[in-house]
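Following: one structure in structure tokens, then a few remarks.
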Amino acid sequence: MQALRSVRTNGARPVAAKGSRAVSARPFGTACCRPAIGRVALKAVAKNATEEKKNSDSAARQLLGMKGAALETDIWKIRVQLTKPVTWIPLIWGVACGAAASGNYQWNDPTNIAQLLTCMMMSGPFLTGYTQTINDWYDRDIDAINEPYRPIPSGRISEQDVIIQIWVLLLGGLGVAYGLDRWAGHETPTLLILAVFGSFISYIYSAPPLKLKQSGWAGNYALGSSYIALPWWAGQALFGTLTLDVMALTVAYSLAGLGIAIVNDFKSIEGDRKMGLQSLPVAFGVDTAKWICVSTIDVTQLGVAAYLAWGLKEYTYAGVLLALILPQIFFQIKYFLPDPIANDVKYQASAQPFLVFGLLTTGLAIGHMNQIAAAAASAGM
């Protein structure tokens, strides 16, 4: 028993004297300490990775002109942020839809591709960039409430630099439009006329005394038509003939764009209310405005699908468009209607791709109809 007691005593950790702190006999770095050290290191690595991802996301948002952007100091990155590149996409897509609707665009022709890309540059970086810059200029007081990180309210770009950017983008876009008219051999400078008209709408949308955005209906419809009708007209006029029936259809289709514009108003309710802007969520309240929003989006597209089926006899395209409307309704029920303020971005990211492909489907249907009409006219000759 004594031997056993001796073994136990020799194998035990020494005990400190009474009144002092017990200290382990195992040196630092032995097996008992490594797991704790590893956990601390892993937490530090995870924290650094999270911070790096957060900084990367903020930098990307800054360049795209999205909410939650980093406070960039580079003047050229600030200039890009003012143009909100994320908003170029619908306009660029609209140009492609108009080209498809012309019935004359050749998807594998290098000249057609170059003309299309140039028209997209006019509609996106130049004229949409002009629109977003001038909108930020006239919205600087509202942005100081809703989005104080924006370049103008944060003071990271001077008034003179903003004014110069507005003029460079506007004149650049008009110059490209005129060049496209010459390139396409237009006797009437159709694209230049469209560019001037669109630029004027952009100006009165943001600038006093009209400032269309002060009215929820007029402002949102002006925005919606700028996203759908105007770029479509530019693409179709570049490669074919812009007809009154197509202009009427795209003006009607712009009601869906009105609904999309309303989605963007939910994040700015506080600032709009303080500045006296009657956006639809401010004028009607969140619950009513969200139903107005989804109704304009869905009813418009269903009406276009019906027109493709019974008006143009393009039953296949009508069926495809209907199939693209159903997922949008699903995401409205899942995300938007329960909470349009919290889920506006999530809803748009989920549903909007189906809307824009529906727009292209409509363009292809009209293009197919125009090809048949051209073939019939050639046969008649």
| request: Please determine, by comparing only the residues of the range 303-315 that are surrounded by 13 or more Cβ atoms within 10 Å (Cβ to Cβ) and assigned to a helix (DSSP H, G or I), which one is farthest from the chain's Cα centre (by Cα). | output: 311
| message | touching a helix residue (DSSP H, G or I) at 6+ places or on another chain (Cβ under 6 Å), over 30 Å from residue 362 (Cα atoms) and either assigned to a helix (DSSP H, G or I) or not assigned by the TED database to the domain that holds residue 202 (or both): which single residue out of 164, 157, 134, 152 fits that description? | response | 134
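In the set 182, 140, which member is over 19 Å from residue 120 (Cβ atoms) and touching a Pro at 6+ places or on another chain (Cβ under 9 Å)?
Values: 182 fails: over 19 Å from residue 120 (Cβ atoms).
Only one candidate qualifies: 140.
Find the residue count for the range 330-381, including only residues that are outside any helix (DSSP H, G or I) and touching a residue at least 12 places away in the same chain (Cβ under 8 Å). Please lay out each step first, then the result.
Filtering the range 330-381 down to residues outside any helix (DSSP H, G or I) leaves 337-343, 381.
Subset that is touching a residue at least 12 places away in the same chain (Cβ under 8 Å): 337, 340-341.
Total satisfying the criteria: 3.
Yes/no matrix, rows are residues, columns are (1) at positive phi; (2) of a type in the set (S, T, N, Q); (3) in contact with a helix residue (DSSP H, G or I) (Cβ under 8 Å, 6 or more places away or on another chain); (4) at pLDDT 95 or above:
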{"site": "278", "(1), (2), (3), (4)": "no, yes, yes, no"}
{"site": "283", "(1), (2), (3), (4)": "no, no, yes, no"}
{"site": "317", "(1), (2), (3), (4)": "no, no, yes, yes"}
{"site": "329", "(1), (2), (3), (4)": "no, no, yes, yes"}
| query | Restricting to helices (runs of 4 or more DSSP H) lying wholly in the range 238-297: which have 2 or more residues that are over 29 Å from residue 117 (Cβ atoms), touching a residue at least 60 places away in the same chain (Cβ under 8 Å) and not hydrophobic (A, V, I, L, M, F, W, C)? | reply | 269-275
| task | Could you tell me whether residue 136 is buried (at least 20 other Cβ atoms within 10 Å of the Cβ) and of a type in the set (Asp, Glu)? | result | yes
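Take the residues in the range 186-232 that are in a loop (DSSP other than H, G, I, E, B) and open to solvent by less than 60 Å² (accessible area, probe 1.4 Å); name whichever of them is modelled with the lowest pLDDT.
Going through the range 186-232, the residues in a loop (DSSP other than H, G, I, E, B) turn out to be 186-189, 207-211, 228.
Checking which are open to solvent by less than 60 Å² (accessible area, probe 1.4 Å) leaves us with 186, 189, 207, 211, 228.
Values: 186: 97, 189: 97, 207: 95, 211: 90, 228: 94.
Filtering first and then ranking leaves 211.
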| Out of the range 152-198, which residues are within 15 Å of residue 133 (Cα to Cα) and of a type in the set (Phe, Trp, Tyr)? | 167
| query | Looking at (1) under 19 Å from the mean Cα position of the chain (by Cα); (2) assigned by the TED database to the domain that holds residue 302, which is the only condition residue 231 fails? | reply | (2)
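Among 145, 164, which is β-branched (Val, Ile, Thr), open to solvent by 40 Å² or more (accessible area, probe 1.4 Å) and at pLDDT 95 or above?
164
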| request: Kindly indicate the residue of the range 272-302 that is among the acidic types (Asp, Glu) and under 23 Å from the mean Cα position of the chain (by Cα) and also nearest to residue 365 (Cα to Cα) among those meeting that condition. | output: 298
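The values are calculated or read from the model by the stated rules, or taken from the named source; none is laboratory data. All figures in this text were calculated on a predicted structure; none of them were measured in a lab. Neighbour counts are summed over all protein chains in view; Cβ atoms, including those assigned to glycine, are modelled from backbone coordinates with ideal geometry. These area figures cover heavy atoms from the full protein model, side chains too; ligands, DNA and RNA do not enter into them. Shrake-Rupley method; radii C 1.70, N 1.55, O 1.52, S 1.80 Å.
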